[in-house]
Amino acid sequence: MTDSIDLTPELLLRAYAVGMFPMARSADDERLVWFDPDPRGILPLDGFHLSRRLARTVRATAFRATVNRDFAGVIDGCAKGTDARPDTWINQRIRALCLDLHGMGHAHSVEIWDGDDLVGGLYGVSLRGAFFGESMFSRARDASKIALVHLVARLRRRGFTLLDTQFVTGHLEQFGAIEISRPLYRRRLAEALRLDVSFQRPDEEGWTGGEDAAAAVAALAHSTTEIS
C-alpha cells in the first residue's frame, strides 16, 4: 500500500507499534510503501549464532565501536549504493523521519570505526522492549557483523525481548534469524511493548572498546549458539 498521508515521527511510531513499517521503492522515489510481512523475520536474542571466527575477530579487532555517535553517518552509509546493491530503499523522506526519531530518543545507531574513519554500522528504531532493525552497511571486512554483535549484546543487557529484522536474508540466517507468523509476531511485539526498558540512558557516554567487546562476546557465549 502506497501512502498518501502526511507522515510524522509520532505516526511512524504508532505504525511500528502495530507491526507496520514503510520503505521507498528506491532512493529517488519520495513515495513510501507500507509493509506488514507474513511471515515476519526476527533474530531471537537468546538464539544468536556467534561463530568462533567472528568471536575472535570481535575480541582482537582494532576497530572501535560506538553507540549514537554518528547516526546521520550511519544512515547515509546504509543509503549509499554499492556495486552489489546499486540502489537502496532509503530516500530523503525516510532519512528525515529517522533523524527526527533519533532526536526523540527512538532511533539508534551502532558505529564501527577504523581510526577516524566510519567503516560500518547499523541503525534501527526502539520502542520499549522491541528493536526494529532497519539497515546495516560495511566498508571493511566484518564491520557490520561486529556492529550486530554489539547490538545483540546491548539489547540482551538492557532487557529487550524482540529484535525485528523485517525479512530474513541469507546473511541474517547465519546469525540465527528465523521467520514467524504474523499472529505470533504480534503477540511477541505486544509483550515487548509492555516492558519498561531503554536502549541508552540519557547520561550514558556511548563509547565501547576492547574490554566491552570482549564482555559482549562473553555475554553472548553464555546463552547463544557458538558455531564453527
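Data for the structure
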item: Stokes-Einstein D in µm²/s, Kirkwood radius over Cα pairs - the stretch 93-169 at 25 °C with 0.890 mPa s viscosity; result: 189 µm²/s
item: Heavy atoms of S138: accessible area, 1.4 Å probe, square angstrom to 10; result: 60 Å²
item: Å³ per residue enclosed by the Cα convex hull of the stretch 1-158; result: 127 Å³
item: Rounded to 5, the percent of DSSP beta bridges in the stretch 120-210 classed as antiparallel; result: 75 percent
item: Estimated vicinal HN-Hα couplings, Hz - the stretch 125-139 in sequence order (Karplus 6.51, -1.76, 1.60; Gly, Pro = x); result: 10, 10, 8, 6, x, 10, 10, 9, x, 9, 6, 9, 8, 8, 10
item: Candidate residues R187, R93: accessible-area rank, largest first, probe 1.4 Å; result: R187, R93
item: List D70, D116, ordered by accessible area with a 1.4 Å probe, largest first; result: D116, D70
item: Karplus-derived HN-Hα couplings along the stretch 108-116 (A = 6.51, B = -1.76, C = 1.60, θ = phi - 60°), whole Hz, x at Gly and Pro; result: 9, 10, 10, 10, 10, 10, 10, x, 9
item: Cut-off under 5 Å, modelled amide H: who pairs with L162 long-range; result: F131
item: Inter-probe distance in nm under a simple model that places probes 7 Å from Cα toward Cβ, at D70 and R157; result: 2.2 nm
item: Of G47, V18, T61, farthest towards positive along the dipole that unit charges on Lys, Arg, Asp, Glu beta carbons give the stretch 18-63; result: T61
item: Charge sum, other residues only, whose C-beta stays under 12 Å from F71's C-beta, Lys/Arg counted +1 and Asp/Glu -1; result: -3
item: Accessible carbon and sulfur surface of the stretch 106-197 relative to its total accessible area, %, 1.4 Å; result: 46 percent
item: Interatomic Cα distance distribution for the stretch 38-98, bins of 10 angstrom, percent; result: 15, 25, 46, 13, 0
item: 3J(HN,Hα) from dihedral phi, the stretch 37-52, Karplus parametrisation 6.51/-1.76/1.60, rounded to Hz, x for glycine, proline; result: x, 9, x, 10, x, 9, 10, x, 5, 9, x, 5, 8, 10, 6, 4
item: For H108, solvent-accessible area (1.4 Å; no DNA, RNA or ligand), Å²; result: 10 Å²
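The values are calculated or read from the model by the stated rules, or taken from the named source; none is laboratory data. Note that the structure is predicted; figures quoted are calculated from it, not measured. All Cβ positions, even for glycine, are placed from backbone atoms using ideal geometry, and neighbour counts span all protein chains on display. In case anyone asks, the SASA skips ligands and DNA or RNA and just uses the protein heavy atoms, side chains included. Shrake-Rupley method; radii C 1.70, N 1.55, O 1.52, S 1.80 Å.
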